[in-house]
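What follows is one structure encoded as structure tokens, with my remarks underneath.
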């Protein structure tokens, strides 16, 4: 069961049966997501003023559904997360994405904040200095670059690309609905499925971007020019398809 696998990997929770509370919450939340992802599924998508209509007015059922889906979406975030925190406190937590990250946060709390700030400022100053030198060589002092200078400012372009990669605009892309069955790299995707692209995972891929947590514009450069072999974050950061 894919839902059980996701609960295990993400929270370290063993959700075996289909009627498990965590699986039920996830399935209900995904149902709501699949419905609202369909363009113009509700009249309010076309007539935006309807969002101000009271819940009790006939035809305002979408507001009641939205409240219910908001509640279950919050439960999807909070219930398993709280359970993982409880298991960590009881020293009974299984290894998972959440438990590893919570422990990392605890370790950071004990570190020297002043030292972290000094390192961050030094790195930022180095990046700013390199970008400034690149700009001065191209446009000179007292002038601002424009789009015609972009090709001659590879380091500045690399900073933009690294900013999009490091903190992506849409970590989870807009859901896409499959009208017909499809297959991708051996994975069968049934018709009527909702596929959500994970832009964050692609932009944090260590095989493409070594040490992905670090802000390093230089990763996009080769011999002073943009390296076409490195995936351009712009192809991922703003979502997929139409």
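FYI, it's all coordinate maths here, none of it is from the lab. Keep in mind the model is a prediction, meaning the values are calculated, not measured. When we count neighbours, we look across all protein chains shown, and the Cβ atoms used for this are built from the backbone with ideal geometry, even at glycine.
Which distance in Å, rounded to a whole number, links the C-alpha centroids of region 27-52 and region 193-216?
Here the answer is 29 Å between Cα centres.
In nm, to one decimal, how far is the residue 66 label point from the residue 90 one, both placed 7 Å along Cα→Cβ?
Result for the modelled spin labels: 3.9 nm.
Can you sort 208, 30, 7, 90 from fewest to most other Cβ atoms within 10 Å of each residue's own Cβ?
Ordered by Cβ neighbours within 10 Å, fewest first: 90, 208, 30, 7.
Report the relative contact order of region 192-242, percent, no decimals, based on alpha-carbon pairs under 8 angstrom and at least 6 residues apart.
For region 192-242, the relative contact order is 42 percent.
With r defined as the distance between the Cβ atoms of residue 101 and residue 167 and R0 fixed at 25 Å, what FRET efficiency is calculated, to the nearest 0.05?
0.95
Could you calculate the contour length gain from residue 174 to residue 49, that is, 0.36 nm times the residue separation minus the distance between their Cα atoms, to one decimal place in nm?
42.6 nm
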